[in-house]
Structures are given as C-alpha cells and as structure tokens.
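Inspection log for the structure reproduced underneath, given as structure tokens.
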Amino acid sequence: MTENEHRGYFHRYIGLPFETLILQGSSTRQLSYAVAIGVTFGLFPIMGVSIPFCFLAALVFKAPQPLTHAVNYAVYPLQIPLIFVFVRLGEWIMGAPNVSLAPSEILELARTDLVRFTEEFGLTCLHAMLAWSLSAPLIFVGTFSAVRPIIAGLRDQQRLQKP
C-alpha cells in the first residue's frame, strides 16, 4: 500500500486534488500572500464585505483565489468576537463613548428610532473600520511572516516525496 492509500478516502479524493489545484504554479510567496490576505480581510469588522476585498487583493498580489477564500472562510469564527474588539478600539482611538452592543438593545433601537439607530451604529461601524485599518498592516505582515517558513517547509517536503 502506498502512503496515499493509508491516508484514506478524504485525502485521496478531496485533499490531493485541492492541494494540486492550490499549489500548481504558485510560488511560496504567492501562497503566503493568499493566507495573509485571507486572514486580514477575513477579520474585517463588517460582515459580508470580505469576499470582494479578498478577490481584489488576491488579484493584486497574484495569489491563488481558492486558498485566499478558503482561509477567509476559515477565520470566520474569529471575525465575530473581533468585531467587538475593533468597535471598542475604534471608540477608544476616537475618544467616543462606548455604544451598547447588547443585541436586545440594538434591535429595540432599530424598531423604535431608525434615525438614531443609523447615526449610532453607522458611527460605530466607522470606528470599527478605523481600528481594523490601523491593525490590518500588522495582521497582514505578521501572518505573512509566520506562514512563509511553514509553507516553504511544506513545499520542500512535498518535493522530496515526489518521484
């Protein structure tokens, strides 16, 4: 039995084709850019807008789109708690008072006073985007620097395994 047969069905029919698709023709730098882009934009504090940002950034950096979006989706569980972090950080940077982020209060305000809701949470979104904008270069460079040696090692290991 070969090593691939030991790994099982998932690896043979899903893992290997996906690995081939992602790695085909991509340099270590491009793969590292893809991960860094996916992480950075996956943590953007406004839900639903990371996909077009990832797409455009991957085009600019010539990073593989499938890997960029897979990483973007993988960091989704971190996005929600970090929205609160970015909101509070943005409020602190701007010296703004803390807005209540309790879901029941948000829904009640949306039902009773739509204008005030739009003013408060529009500004809250801007505070979060400001904090993310200041953090994004650090997230990008940190992620890129952390994954580049890992990806280089995996690529070297893959080259040694091929006949």
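Brief remarks follow.
- Subset of the range 136-147 that is aliphatic (A, V, I, L, M) and loosely packed, with under 13 Cβ neighbours inside 10 Å - its residue that is farthest from residue 30 (Cα to Cα): 138
- Residues of the range 49-70 satisfying the condition of being surrounded by fewer than 19 Cβ atoms within 10 Å (Cβ to Cβ) and among the aliphatic types (A, V, I, L, M): 49, 51, 56, 59, 60, 70
- Across the range 102-135, the qualifying residues are those that are under 25 Å from residue 41 (Cβ atoms), among the small types (Gly, Ala, Ser) and surrounded by fewer than 16 Cβ atoms within 10 Å (Cβ to Cβ), and the one among them that is modelled with the highest pLDDT is 133.
- Residue in the range 93-115 that is more than 19 Å from residue 34 (Cα to Cα), without any contact (Cβ under 8 Å) to a residue 40 or more places away in the chain, of a type in the set (A, V, I, L, M) and in contact with a Ser or Thr (Cβ under 7 Å, 6 or more places away or on another chain) present: yes
- The residue of the range 43-84 that is modelled with the lowest pLDDT, among those that are among the small types (Gly, Ala, Ser) and farther than 21 Å from residue 28 by Cα, is 48.
- Checking each residue in the range 71-101 for being crowded, with 16+ Cβ neighbours inside 10 Å, part of a helix (DSSP H, G or I) and in contact with a helix residue (DSSP H, G or I) (Cβ under 7 Å, 6 or more places away or on another chain) picks out 71, 72, 79, 83, 86, 87, 89, 90, 91.
- Among the residues of the range 42-53, those that are within 8 Å of the chain's Cα centre (by Cα) and in contact (Cβ under 8 Å) with a residue 60 or more places away in the chain comprise 43, 44.
The values are calculated or read from the model by the stated rules, or taken from the named source; none is laboratory data. All values derive from a computational prediction rather than experimental measurement. A quick note on method: Cβ atoms are made from the backbone with ideal geometry, for glycine too, and the neighbour counts reach across all protein chains shown.
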